[in-house]
Every structure is written in structure tokens, then in C-alpha cells.
Amino acid sequence: MQKGLLVVVFSFMMLFFAFSSVNAESDELTIHFFEQAGCPACAAQNDFFDEILDDYENVELKRYDITKSGNVDELHSLAEERGVEDYRIMVPATFIGDSFFQGFSERDEELIVKAIEGEYVEQERDIIEIPVVGEINISGISLPALALILGSLDGLNVCSIGALVLILMIVLTLDSRKKILFYGGLFILTAVLIYGALVFAWTAVMDYIITYLDVLSILIGLAALIGGIFFFREFLKFRKYGPTCASGQNKLVANATKKVQEAFQDKKKGFLVLSGSVITFAAVITIVELPCSIALPVIFGGILAESGLLMISYVGYIALYLFAYMLIEIIIFVGAVITKEVWFAQSKAITWVYLFGSLVLIFLSFYYLVWLNI
């Protein structure tokens, strides 16, 4: 009888210790913290962890240097496991249970404590405060919206639009919708392919240096600042003199313009010669104008790279950017095909759109150069 009682008591003790062990294991929590040397927000969050983690014996803090090989893949893996889709490859980034934090400020401290204590919380990310304007949520600006905004600003190229108008007016003398459709479409297609290759190239470069996040943020910020200054200077010039193309005095542009005009004036020139002259003209205009608008594809490529997208998503967003980039020219082109007339007049609206563009770019430069380093 006593032996039986001892067996029962022993069994209960074993079950108790086993249950306690399982419960202790289930209470253990691992914080995955991605950081980078020289990141002020990372340093502030590390100080905060030092202050509070002594009170939580069941918490393990794993640190990852985002610049080291494999750690970006680890961030992607943790995000996928937890179903996190809205994130960027930037530091600090923190996974606490199912809660995810990106960036760090005083408003996040209470949320982090709640997450450590087992509560699911959602961080209000990318909230910045601008004097007079107030708080703005950067994360509310989606990639499709950025593609359309930046692409449209990029497409407001007076020289490129003027070049298309010139081609259409030359082709209109042939009095054929098919020829207007073909040669006008050839001009647009050439411009899209060349400029699309540029955007893809910049995205690839940014994707290559993604682990050097401080460098990437500085590049995007500087490109936005340079682009903002350029757009503001153009706004001042357009307001004084009206929208004008400065590259008309460029020798390459002048020669290409002369050759395409001569090709279409000579009725003996065949299909291949005319096509070649249009392709050459479109290529020269696009390449000569690259320095004027290079900031915008750099910014967009950098934002795509830090978003950590799949290749198919890269292609989709770049295609959307290019569509917005060519939208004005597509409208002019379609109108010419339908009516056999070129409907385009330089509007004062373009002047004010340049001002809007400068404000957007300066805002982006503030975000990447200042806000991310606070």
C-alpha cells in the first residue's frame, strides 16, 4: 500500500516538474533585433533594451548586423513567417513575437514593453512631424502612388514633349494615320526602352548596395535634394520666361533634328532610313536629357530596392513608373492619330507642377537625410 502511494506521489511530482518545464519553455521569448553601426536610432533602441530587459529573465535578445552576409535574408524570412508585408530593408527592425517594429522613437517604448509582455501591438511607423503642417504618415504613401507621382514629374520634360510634337508634325505631312501611328509609336517605344533600361539599371545598383543602408539612404536623400533644387530652379525660370527647352542648342540634338527633318523631306528615302532617323532622334533626345531628370529614377530605384520586392514586383512598379513618365506624350500621340492634328500648347500649369515637384522631392530629401537619422 505504501509502495503504491509512493508511486502515485512520485508520478504527480514528475508530471508537475514536466508541466513546469514546458510552461517555462513556452514563456521564453526571443527578440530579433536588426541594427547597424552608426545608426542613431539603433543606438537609442539598444540603450532602451539595456534599461528594461533585466526585468525580463525569460527574454533573449538576438542582434543582427544588417550589413553582414545572410542577415537581410534572415529579416525576409522572419517577416514571411509572421505575415509582415509592409516593411523596408532598413534599421532598426525588431520582431517581438508577432509584433514588428521598424524605426524607433520614444512613442515606441510603451509598445515594445507591451509586446514583450505578450500583447500584439501595431507600430505607427513613418510618422513625421513638420512645423505648421503637423504629423504626416510616410507609410501611407504607397509604392504605386510614388510610381505615379515620380513618373509623372519625370515625364514633364519640355524637351522630350517638344521632340515628339516635332516628329508628329513632320509625319503629319504624309497624311497617313498608319504612318503617324507607326513613326510616332516608334519614337515613344524607343524613349521608353532607353529610359526603362536606365531605371532598371539604377534599381539593380541600389539593390546591390542594399546592405549598406546608411549609404543607400544618403544616396536617395541627396538625389531628392538635387532633384528638388533643379525643379525649383526650373519653376523660377519657367515663371519668368515660360516653359522652354534649353537643350535645343545642344549640337547632338541640333544634328539629330536636322537629319530627321531632311529624311522625311526626301521622298526617295525608304522605310528603313526613316525608321532609323526616328530611332536616332528619340535616342539622342532621351540621352541628352538624362542629366536633367536622373535624380528621379535614382530616388525611385532606391525606394524599390529598400522595399525588398520580388523581381516580378520590380518589373510591375517600373512599368507603372514608365507609363506615368510617358502619359502626356501618349495622350498627344493618340490625339494626333485620331484627329491628324497635334493638340499641345505649353501651359502655365506646367510651371506650377514643377513647383509641386520641387516640394515633393525636398520632402523626400528631408525624410531620408534628416528624419531617418534622428
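Annotations
- Report note on the peptides 260-268, 223-231: ranked by the mean count of other C-beta atoms within 10 Å, highest first, their order is 223-231, 260-268.
- Prolate/oblate/rounded call for the stretch 55-100, Cα gyration tensor, a/c under 1.5 rounded: oblate
- Taking Asp154, Asp108 and counting other C-beta atoms within 10 Å, the order from fewest to most: Asp108, Asp154
- Each residue of the stretch 180-193 was assigned a 3J(HN,Hα) from its phi angle through the Karplus expression (A = 6.51, B = -1.76, C = 1.60, θ = phi - 60°), giving 4, 4, 6, 6, x, x, 5, 4, 5, 4, 4, 4, 5, 5 Hz with x at Gly and Pro.
Only the coordinates and a few stated rules stand behind these numbers; no lab work does. Keep in mind that what you see is a predicted model, and the values were worked out from it rather than measured. Methodologically, a virtual Cβ is constructed for each residue, glycine included, from the backbone with ideal geometry; neighbour enumeration extends over all protein chains shown.
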